[in-house]
Amino acid sequence: MKTKSLFAILIAGGVLMTGCNNSEDAKQVDSTVSTEKTTNNETTNANLQKEIDAYKVFALDQLDQFTIETEKFVQAVKAGDLEKAKEIYPHARMYFERSEPIAESFGDLDPRIDARLADLEAEGQGEESWTGYHKIEYGLWEENTTKGYEAIADQLLADSKELRARVETVDVTPELMMTGAIDLLNEVSTSKITGEEEIYSHTDLYDFKANIEGAEKIFTILEEQISNKDPELVKNLSDKFKTVNDLLAKFETNDGNFVSYSQLTKEDTKQLAIAVNQLGEPLSQMGIILE
Amino acid sequence: MSKTNVDEKFLDKKITRRQMLKLTGVGVAGLAIGASGLGGVLSAFGEELFVDDDTTATNKVNFYGKHQSGIATAVQTNIYFAALNVLVNSKQELQELFKMWTPLAIRMMNGESISMEKQNDLIPPKDTGEAQGLDARNLSITFGVGLSLFEKQELGLASLKPAELKDLPHFPKDQLDEAYTGGDICIQACADDPQVAFHAVRNLVRAASGKVTIKWSQAGFNSFPVEKGKKQTPRNLFAFKDGTENPSGEKDMNEVVWVQPGESTSWMTSGTYLVVRRIQLHLETWDRTSLKEQEKTFGRHRESGAPLGKRNEFDGMEIERKDENGNYIVPENSHVFLAKQAKARIMRRSYSYSSGIIDSTGAYDAGLVFVSFQKDPEQFIKIQNALGRLDKLNEYITHRGSGVFACFPGVKKGSYIGEALFNTL
Ligand code: HEM
């Protein structure tokens, strides 16, 4: 395929305009326009400091909550309170799922907290190295017990606290935020929508919702910047987030809980999957603010 | 993307001031154009570049013309057929969609990337890229609209629905699967390369994110033996030459395929109707059928493709021929005999498909992406009804998917796909 560069054409063309009522466009045709990629991360990062800070505050807050809720969860497990543990489980995880772009920067901690058995097996590891939420999920829903999971629970709390402490050191960049938003959607598309995240508890819709909220938060923080470049994109993204959220709301029960994934029909999951994909395309355009 | 990739020829296309004003639709006084090409000027006004067929491109099928490409175009080796549902809520959005698609289709049919913009490496590339380094590979892209599009209240197209555009009746033995049926819009991409055909649909759909979803799609292939430097009729998966008897030449095409003025609703003049059927061929049962039975099924010889009792593929069928016992030589229940009986003609442009194994039976999910073009779907219906329960071929096939689409006339330079429809409003 041949690729014609629009910018190169403009330069070679050397268009000159006088008395044109569209001076914005005229300026763009200035022959000094460079054909090089113009992304300059240093300067842009500085321009986006406000947004970076806002996201840090958000992520830290989420992980604060995550630690608090995890502590409650761990207490319930250790007290042998099966029902309570089951009740806290999906809600505690939502804080983690919302801030996953940050948690993910710790290659060791993330799996210790959130690995599914299938992930470990894919890496050639066995059940013995399995820890974290999903291991306890197995106990709670498959074995219907908390017995024998006390040590895992202690470990989980320690790991959560470590995560919270280390988050302070993460170098948040606009790039991390934008890639993070896309990664959150990818998480939804590849594991939540298929029910593969919560194979025992079937609480996938909580994770789903949290991932979307995490992505939406990033969008909201960047909204003003995006609007400066492309107001249409803001509108498009708002619409697409609304579509996904409206669809999810159909499966929400009165008190902020969601129906079991196993209750979704093929048609339901397809609708959700399509809505997420339709959101993903415009979401991937947020990078225009660094142009 | 860099400066060195610039197509020099494109820059050399000087245009007159009048052309420019006409194309941009801007009549501003005091506008000076330097040595500029068209692209620069238009984009300076924020207009989409006027994209033209690149007549110097290799293996190139023209986009602009009286009729859409991919109909009279010589059959390529590959098809990627997609039926889409629209998510747009207004006529105007639908019109914008086809306008947006037009330059993309032309660029891909030129063998170019769909975007000329410089790449910001923090967003995904505009073009998905898998056709990079390949030429146009005779890519043709055919657009059509289905009945369901006209039934969408919010689009307000009901009054423009051509009377000919109807759901096909249920035919005997049909076992249609909703997952391969219908669609608001169809895109038929054909090319002499599977990846180029797929790339075309993928990029059109992606560029329309939020406006369309894919309802179903089917890839297909054809292989052409070459004899004495001449391409021969391809064989379907039952090994019979498929496509022997087809309209050819302008007169035939006008009679059979192209809607003539006054024959359908006005926006369909020079357009045509596409029927697609995803037909499973039961390879397992066919392969245990004797050669004689196979030939009696179609009414042709397998090796030569000749009518039964004749020598050459293109010898006349003469279905009324009888043997010394007074029996028809071409059996009355053979596919070709019955198809001829219908006294209707269509232009077939089919491809084979093979899509893995059917879970429930372990049989090949293989068959024919049957595509036919006709000025009225009634022509297809007549033939399919004639084949009806009688066709001996029925023992070996099952129709699983179906669609009927009104394919717009061709696009005039500077215009866009489907303009005729939107201009009728
Ligand atoms: C899987 C299904 C089908 C197979 C394998 C098949 C195969 C063939 C073959 C091998 C021929 C003879 C060669 C030729 O003229 O191209 C033929 C002819 C023809 N077929 Fe089919 N066909 C199929 C379905 C259909 C359908 C659904 C229709 C239309 C309703 C149709 C209409 C025709 C017509 C009009 C001819 C030409 C008859 C003539 O000689 O005038 N076929 N087909």
(message) Which pairs turn up if I take residues in segment B:354-366 that are in contact (Cβ under 8 Å) with a residue 12 or more places away in the chain and look for partners that are exposed (fewer than 15 other Cβ atoms within 10 Å of the Cβ) and among the aromatic types (Phe, Trp, Tyr) with beta carbon separation below 7 Å, at least 6 apart in sequence or on another chain?
(response) none
(message) Any residue at all in segment B:380-394 that's loosely packed, with under 14 Cβ neighbours inside 10 Å and either on the phi > 0 side of the Ramachandran plot or among the acidic types (Asp, Glu) (or both)?
(response) no
(request) Please indicate, with yes or no, whether at least one residue in segment B:262-278 is touching a Lys or Arg at 6+ places or on another chain (Cβ under 8 Å) and either within 11 Å of the ligand (Cβ to nearest atom) or within 14 Å of chain A (Cβ to nearest Cβ) (or both). (result) yes
(message) Being more than 10 Å from the ligand (Cβ to nearest atom), part of a helix (DSSP H, G or I) and within 25 Å of B:Ile397 (Cα to Cα) narrows it down to one residue among B:Glu284, B:Glu303; which is it?
(response) B:Glu284
(request) Considering each of A:Ser238, A:Ser262 in turn, give the residue that is closer than 18 Å to A:Met177 by Cα and in a helix (DSSP H, G or I). (result) A:Ser238
(message) Considering only segment B:140-161, I want to know if a residue exists there that is closer than 17 Å to B:Val371 by Cβ and touching an Asp or Glu at 6+ places or on another chain (Cβ under 8 Å).
(response) yes
(request) Could you figure out which of (1) over 19 Å from B:Arg137 (Cα atoms); (2) within 12 Å of chain A (Cβ to nearest Cβ); (3) at pLDDT 90 or above isn't true of B:Phe98? (result) (2)
(message) With touching a Lys or Arg at 6+ places or on another chain (Cβ under 8 Å), closer than 20 Å to B:His399 by Cβ and charged (D, E, K, R) as the only criterion, which of B:Asp184, B:Asp174, B:Asp242 stands out?
(response) B:Asp242
(request) Can you give me the ranges of the helices (runs of 4 or more DSSP H) entirely in segment B:310-425 with at least 1 residues that are within 13 Å of the ligand (Cβ to nearest atom)? (result) B:335-341, B:377-387
(request) Please go through segment B:287-300 and pick out each residue that is assigned to a helix (DSSP H, G or I) and within 16 Å of B:Lys340 (Cβ to Cβ). (result) B:Lys296, B:Thr297, B:Phe298
(request) Kindly list, by first and then second residue, each pair from a residue in segment B:232-251 that is not assigned by TED's automatic domain parsing to the domain that holds B:Tyr353 and near the ligand (Cβ under 7 Å from one of its atoms) to a residue that is hydroxyl-bearing (Ser, Thr, Tyr) and not in a helix (DSSP H, G or I), limited to pairs with Cβ atoms under 6 Å and residues at least 6 apart or on different chains. (result) none
(message) Looking only at helices (runs of 4 or more DSSP H) that lie completely in segment A:70-141, which have at least 1 residues being more than 16 Å from A:Glu198 (Cβ to Cβ)?
(response) A:82-98, A:100-103, A:109-114, A:117-122
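The values are calculated or read from the model by the stated rules, or taken from the named source; none is laboratory data. For clarity, every value in this text was computed on a predicted model and none was experimentally measured. Quick reminder, even Gly has a Cβ in these numbers, built from the backbone with ideal geometry, and neighbours come from all protein chains shown.
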